[in-house]
Amino acid sequence: MFKHAIPVLQVSSAEEAQAFYCGRLGFSLDFEMRLGEPAGDPCYMGVTRDGATLHLSSFSGDGVAGGVVNFRVDDVDALHRELLAKGVAIDSGPVDQTWGNRELYVRDPDGNSLRFQAPL
């Protein structure tokens, strides 16, 4: 029985990724794992916000930059206001889509697309 999936996004810098995801998007750092070095890269980390979990990796071979993650959220417009207040660059939206969602798109420093969606 499947329980849930955890996307892994490739990042080039653990420090930049943590600053973006935790400092600007409001995720909490759950863990970080490095081989031999107390800081720096490569690093594999897990972050969560409101029950949504992502893993971020600067290890070679853990995916490629440019991935996409869709998040279901309660209120796209409230999230838009929150992210703007934190200085997050908005890639697109909020916009009502013909397929029945209101959506907001953000890109992380490595070009991964984060799509926040709520049903209309």
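The values are calculated or read from the model by the stated rules, or taken from the named source; none is laboratory data. Every value quoted in this text rests on a predicted model; they were computed, and no experiment measured them. Cβ sites come from the backbone with ideal geometry, for glycine too, and all protein chains shown count toward neighbours.
The selection criterion, being basic (Lys, Arg) and either farther than 26 Å from LEU104 by Cβ or in contact with a strand residue (DSSP E or B) (Cβ under 6 Å, 6 or more places away or on another chain) (or both), holds for ARG34. Evaluate the range 52-66: report whether one residue or more is in contact with a helix residue (DSSP H, G or I) (Cβ under 7 Å, 6 or more places away or on another chain) and over 10 Å from LEU9 (Cα atoms). No, that holds for no residue.
Cβ separations smaller than 6 Å between residues 6+ apart or across chains give the following pairs from the range 29-49 residues that are closer than 14 Å to SER12 by Cα to residues that are loosely packed, with under 14 Cβ neighbours inside 10 Å: TYR44/MET33. Considering only the range 45-58, I want to know if a residue exists there that is acidic (Asp, Glu) and out of contact with any Ser or Thr (no Cβ under 7 Å at 6 or more places or on another chain). Yes, because at least one residue in the range 45-58 is acidic (Asp, Glu) and out of contact with any Ser or Thr (no Cβ under 7 Å at 6 or more places or on another chain).
Restricting attention to the range 33-64, the residues being in contact with a Leu (Cβ under 9 Å, 6 or more places away or on another chain) and acidic (Asp, Glu) number 1.
Pairs are defined by a Cβ separation below 6 Å, a sequence spacing of at least 6 or placement on different chains, a first member in the range 94-111 that is modelled with pLDDT under 95, and a second member that is among the basic types (Lys, Arg); no pair meets this definition. The number of residues in the range 4-15 that are part of a helix (DSSP H, G or I) and either surrounded by 15 or more Cβ atoms within 10 Å (Cβ to Cβ) or touching a strand residue (DSSP E or B) at 6+ places or on another chain (Cβ under 8 Å) (or both) comes to 1. Just one of the listed residues (ARG81, ARG72, ARG102) is closer than 17 Å to ILE6 by Cα and basic (Lys, Arg), namely ARG72.
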